[in-house]
Amino acid sequence: MHIPHFHIQQAEPVDLISVPDTTTMERYAYLAGPMTDVPELNRPFFIRMAMMLRRAGWFIENPAEYDIARGVVTEEQSQVLRADLLREDFELIVTKCKVIILLPGWHLSEGARAEFLVATLSGRPAFEIVKNGAKRPQGTSSEMIQLQTGYSLAPVILKPEVRLV
C-alpha cells in the first residue's frame with residue numbers, strides 16, 4: 001500500500017465553534033493516531049483522549065474501543081486483521097463521522113495517515129489534539145479550539161499529495 005506524502009496547503013482554518021450546532025453531527029468525529037509498535041497498541045491514550053473529547057461534547061468513534069470489542073488484543077492479531085479493520089474504520093469515517101481528530105504522532109503512523117487521507121478526500125475537516133503550551137504542529141492553524149482540559153484542537157491544513165505511479 002502506498003501512503004501519500006503531505007504538503008502544506010494555504011487554506012482558511014475550520015472552526016467548529018462558529019458552526020451552528022443544529023444537530024450533533026458537526027461534533028461526530030473519528031479518532032485516529034498511532035497504534036502499531038506502541039505499547040498496548042496506544043489504547044490507554046486513545047481511551048483517555050476519547051473520554052476527554054466526550055466530556056467536551058464530542059461524539060467519538062474510537063478504533064481502540066472497537067478493537068477491544070472485536071477481541072483484537074495483541075499487535076499480532078491487529079496485523080493479521082489489518083485490512084478488515086481498516087476497511088471497517090474507513091467506512092465509519094465516510095458514512096458516520098463529520099470530522100477526523102488526530103492524536104499526536106499521527107503523521108508517523110501508516111494507518112492514521114491512510115485514515116486522514118480517506119477523511120480529507122471525502123470532505124471531512126481534520127483537527128490535531130495539541131497539549132496547551134506545546135509547540136503547534138507544522139501544518140496546523142494557529143486558531144485552536146480550547147477543550148478546557150489542558151488540550152486544544154488545531155485545524156490541520158495539510159493537503160495530501162496522491163501520486164498514481
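The values are calculated or read from the model by the stated rules, or taken from the named source; none is laboratory data. Everything quoted here is computed from the prediction, not taken from an experiment. Note that we place each Cβ from the backbone using ideal geometry, even for glycine, and neighbour counts take in every protein chain shown.
Criterion applied to LEU53, LEU41, LEU31 was being among the hydrophobic types (A, V, I, L, M, F, W, C) and closer than 18 Å to VAL118 by Cβ, and the one residue passing it is LEU31. Scanning region 119-152 for residues that are part of a loop (DSSP other than H, G, I, E, B), small (Gly, Ala, Ser) and modelled with pLDDT of 85 or more returns SER122, GLY123. All of (1) more than 18 Å from GLU26 (Cα to Cα); (2) at pLDDT 75 or above; (3) buried (at least 18 other Cβ atoms within 10 Å of the Cβ) hold for PRO155 with one exception: (1). Figure legend. Inter-residue proximity from region 51-69: first residues touching a residue at least 40 places away in the same chain (Cβ under 8 Å), second residues among the small types (Gly, Ala, Ser) and in a strand (DSSP E or B), beta-carbon distance below 8 Å, spacing 6+ or different chains. Indicated pairs: LEU53/ALA29; TRP58/ALA29; ILE60/ALA29. Scanning region 46-99 for residues that are among the hydroxyl-bearing types (Ser, Thr, Tyr) and not in a helix (DSSP H, G or I) yields one hit, THR74. In the set (1) modelled with pLDDT under 95; (2) outside any helix (DSSP H, G or I); (3) not charged (D, E, K, R), the condition left unmet by HIS107 is number (2).
Here region 46-87 is the region considered, the condition is being modelled with pLDDT of 90 or more, surrounded by 15 or more Cβ atoms within 10 Å (Cβ to Cβ) and of a type in the set (D, E, K, R), and the residue that is nearest to LEU153 (Cα to Cα) is GLU61.
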